[in-house]
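Encoded as structure tokens, here's the structure I'll be asking about.
The values are calculated or read from the model by the stated rules, or taken from the named source; none is laboratory data. Only a predicted model underlies this, so the values are computations on that prediction, with no experimental measurement involved. Please note: Cβ atoms are built from the backbone with ideal geometry, for glycine as well, and neighbour counts cover all protein chains shown. Ligands, DNA and RNA are stripped out before the accessible areas are found, and what is left, the full protein with its side chains, is counted by its heavy atoms. Shrake-Rupley method; radii C 1.70, N 1.55, O 1.52, S 1.80 Å.
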Amino acid sequence: MMDHMKLKQIRGLRTETIIRLSRFVMQNNYFSYNGQYYHQIRGGAMGSPLTLTMANCYMFFHEQQIIKQINNSGGLYFRYIDDIFIAINWPARHLFKQIDRWNHFDENIKLWVLSR
């Protein structure tokens, strides 16, 4: 696997150019609603391949501490886009306490527990 710091070009584009183009796309999302046009200033456009890729990269780095903790406890952690499945043998109160801690890593990401 290539080290991202050593990556200088992708198909003739320098890494700096890719970053600048990505930033331009993320900062220039516009949409219309009820005949009015709006500039989206937070987040990315739903359905954009770039937004999906960036969200997956962001979550990858965000979840590393959670994965380590789950794996160290003999549990399982799986994520598909924005759905997370955790199987772990912890008392419910401990799990809820951990989820509360994990929810303080980033104000934009909230984990919820769905159970039957």
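Per residue, what accessible area does the stretch 27-73 have, given a 1.4 Å probe and all protein chains present, in Å²? Don't skip to the end; give the middle numbers.
Working: 3780 Å² over 47 residues.
Accessible surface, normalised per residue, equals 80 Å².
Related question: Counting helices only, and only those DSSP H runs with n ≥ 4, report the 222 nm mean residue ellipticity of the chain as the sum of -39,500 (n - 2.57) divided by its residues, in deg cm²/dmol to the nearest 500.
The helix-only estimate for the chain comes to -13500 deg cm²/dmol at 222 nm.
Follow-up. Given points 7 Å out from each Cα along the Cα-Cβ axis, report the residue 69 to residue 45 separation in nanometres with one decimal.
3.7 nm
Share of the stretch 42-96's accessible area from carbon and sulfur, percent, 1.4 Å?
Carbon and sulfur together cover 63 percent of it.
Considering Cα pairs under 8 angstrom that are at least six residues apart, work out the relative contact order of the chain and quote it in whole percent.
It rounds to 10 percent for the chain.
Sticking with this one: So for 82, 106, 100, what's the accessible-area order with a 1.4 Å probe, most first?
Values: 82 125, 106 20, 100 85 Å².
So, going from the largest accessible area down, we get 82, 100, 106.
How big is the Rg/Rh ratio for the stretch 57-115, C-alpha atoms only, Rh by Kirkwood, two decimals?
Expressed as Rg/Rh, it is 0.92.
Now for a separate question. Could you rank 17, 53 by how accessible they are, 1.4 Å probe, largest area first? Each step should come with its number before you reach the end.
Numbers: 17 50, 53 80 Å².
Result of the area sort, largest leading: 53, 17.
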